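Take a look at this one; I'll ask things after.
Bear in mind that the values in this text are calculations on the coordinates, not laboratory data. Predicted model, so just to flag it, every value in this text is computed and none were measured. With ideal geometry, Cβ positions are generated from the backbone for all residues, glycine too; neighbour counts draw on all protein chains shown.
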Amino acid sequence: MSLGAIYFWGIGQVYPKYDHPFFSVPTPWVAVPHDFSQELKDHPQWIAWVDVFRDSHGTLVVDKIDSATNLVEVLKEWKGRRIILNIKSNVEDIDRELAEFLPAYLDQSPILLQSEYDIILRSTKESLANLPFGSSQSDRLRLNSYQGMAPWPGGLLSAAPFHGDAFITPLKWKSVPLVNELLAREIHRRQKYLIIGPLMDLSELHLAQSLGADGVFITNKTLLETMQH
């Protein structure tokens with residue numbers, strides 16, 4: 001009985017739609033690594049995905065921790081473009097550094113902040129509340145765990161906490177699925193967005209599309225070429 005009460009409490013929650021310039025482009029979206037320069041130039045509506053690290057000098061750099069490419073250079077190169085910043089360094093005070101660094105660029109480009117680390121998303125959201133946020137590894141584990149907490153399809157998924165604006169996830173971790181039809185439906189019920197990737201082949205793309213993904217993250221240039229034919 002208590003499980004049923006939790007389920008119906010979750011179903012009864014109302015989620016307002018977040019109107020932000022990042023989400024203003026009609027779906028489906030395509031995100032590709034920022035160094036796919038020609039592909040991004042040919043498709044102005046595509047999203048540039050940028051992996052962000054903090055190096056030993058305290059500088060925000062891209063792609064790897066010892067990179068010579070400063071994040072500032074990439075943001076200038078893709079000014080006006082929708083950008084996903086995927087924060088890969090879980091280091092002390094990076095939330096404060098992001099909160100000080102990003103405001104200068106938020107009027108230039110619609111930016112969504114993503115990280116595998118829940119603490120980075122939560123702490124940065126306190127300082128940059130109007131910035132759209134993605135999902136962490138903890139979010140994926142939590143939502144999938146809630147699906148198994150009651151003896152009916154979807155379990156207590158309707159009551160699972162999720163504070164992001166977009167659920168960003170691979171299709172699976174090793175052989176374990178991370179997103180299914182029920183989870184995708186719940187994300188959309190909450191008026192959130194579903195971005196799936198990285199996708200490596202046509203079968204993965206078709207599966208993401210069948211789940212109703214609002215966007216896909218593709219790191220395989222051959223797959224991108226297939227999509228354009």
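Which of S67, Q108, P26 sits closest to the plus end of the dipole of the chain, meaning its Cα is farthest towards the positive end, when Lys and Arg get +1 and Asp and Glu get -1 on the C-beta?
The Cα lying farthest towards the positive end belongs to P26.
For a footprinting-style exposure proxy, rank W9, W29, W49 by other Cβ within 10 Å, fewest first.
On the way: W9 12, W29 21, W49 24.
By the 10 Å Cβ count, ascending: W9, W29, W49.
Something else about it: Please turn the phi angles of the stretch 79-89 into ³J(HN,Hα) values with the Karplus equation 6.51 cos²θ - 1.76 cosθ + 1.60 (θ = phi - 60°), one per residue in order, whole Hz, x for glycine and proline.
Listing the rounded values in order: 4, x, 8, 5, 9, 9, 9, 9, 7, 9, 9 Hz.
Compute the distribution of all C-alpha to C-alpha distances in the stretch 38-132, in bins of 10 Å from 0, and list the percent of pairs in each, rounded to whole numbers.
With a bin width of 10 Å, the distribution comes to 16, 52, 28, 4.
Ok, one more. Using a Förster radius of 22 Å, what is the FRET efficiency between E92 and A129 based on their Cβ-Cβ separation? Nearest 0.05, please. Before the final figure, lay out the partial values.
Working: r = 22 Å, r/R0 = 1.00.
Computed FRET efficiency for E92 and A129 comes out at 0.50.
With bins 5 Å wide starting at 0, give me the P(r) of the stretch 134-229 over every alpha carbon pair, in whole percents.
Histogram of Cα-Cα distances, whole percents per bin: 3, 14, 25, 24, 17, 10, 5, 2, 1.
Something else now. Calculate how steeply helix 2-11 sits against the longest principal axis of the alpha-carbon atoms of the chain, using the helix alpha-carbon long axis, and give the answer as 0 to 90 degrees to the nearest 10.
Orientation of helix 2-11: about 50 degrees from the principal axis.
Where does each of L182, L113 land when they are ranked from fewest to most other beta-carbon atoms within 10 angstrom?
Working: L182 15, L113 23.
Taking fewest neighbouring Cβ atoms as first place, the list is L182, L113.
Report the charge-dipole magnitude of the stretch 38-132 in Debye, nearest 20, computed about the Cα centre from +1 at each Lys and Arg Cβ and -1 at each Asp and Glu Cβ.
Once rounded to the nearest 20, the dipole reads 320 debye.
Taking other Cβ within 10 Å of each residue's Cβ, how do L194, L211 sort, fewest first? Before the final figure, lay out each step's value.
Values: L194 24, L211 17.
Arranged by neighbour count, lowest to highest, L194, L211 become L211, L194.
Rounded to the nearest whole Å³, what is the per residue volume of the convex hull around the Cα atoms of the stretch 188-229? Don't skip to the answer; put the middle values down first.
Values: hull volume 2.6 nm³, N = 42.
Hull volume over Cα atoms, normalised by residue count, gives 61 Å³.
Can you compute the charge dipole magnitude of the chain about its Cα centre, using +1 on each Lys and Arg Cβ and -1 on each Asp and Glu Cβ, nothing else charged? Give it in debye, rounded to the nearest 20.
Working: 21 positive and 27 negative charges, 140 e Å.
In total the dipole reaches around 680 debye.
Filter K41/K174; K64/K174; K88/K174; K76/K125; K17/K41; K192/K221 down to the pairs with a C-alpha to C-alpha distance above 25 Å, please.
Cα-Cα > 25 Å for K41/K174; K17/K41; K192/K221; rest within.
Let me ask another. Using amide H atoms built 1.01 Å from N in the peptide plane, name the residues 5+ places from F167, or on other chains, whose amide H lies under 5 Å from its own.
Residues meeting the amide H criterion: Y193, L194, I195.
Reachable aspartates and glutamates from K172, Cα under 12 Å, same-chain residues fewer than 8 places away excluded?
E204
Would you please name the trypsin sites (Lys or Arg not before Pro) within the stretch 118-225 that are DSSP coil residues with at most 10 other C-beta atoms within 10 Å of their C-beta? List each step's numbers first, then the result.
Values: sites: R122, K125, R140, R142, K172, K174, R185, R189, R190, K192, K221; in loops: K174, R190, K192.
For trypsin sites (Lys or Arg not before Pro) across the stretch 118-225 that sit outside H, G, I, E and B with at most 10 neighbouring Cβ atoms in 10 Å, the list reads K174.
Given the chain, report the % of alpha carbon pairs whose separation exceeds 27 Å. Working shown, then result.
Values: 8982 of 26106 pairs.
Above the 27 Å cut-off, the chain has 34 percent of its Cα pairs.
About its Cα centre, how strong a charge dipole does the stretch 134-229 have in debye, to the nearest 20, once Lys and Arg get +1 and Asp and Glu get -1 at the Cβ? Could you put the intermediate results ahead of the total?
Working: 9 positive and 8 negative charges, 54 e Å.
So the magnitude is around 260 debye.
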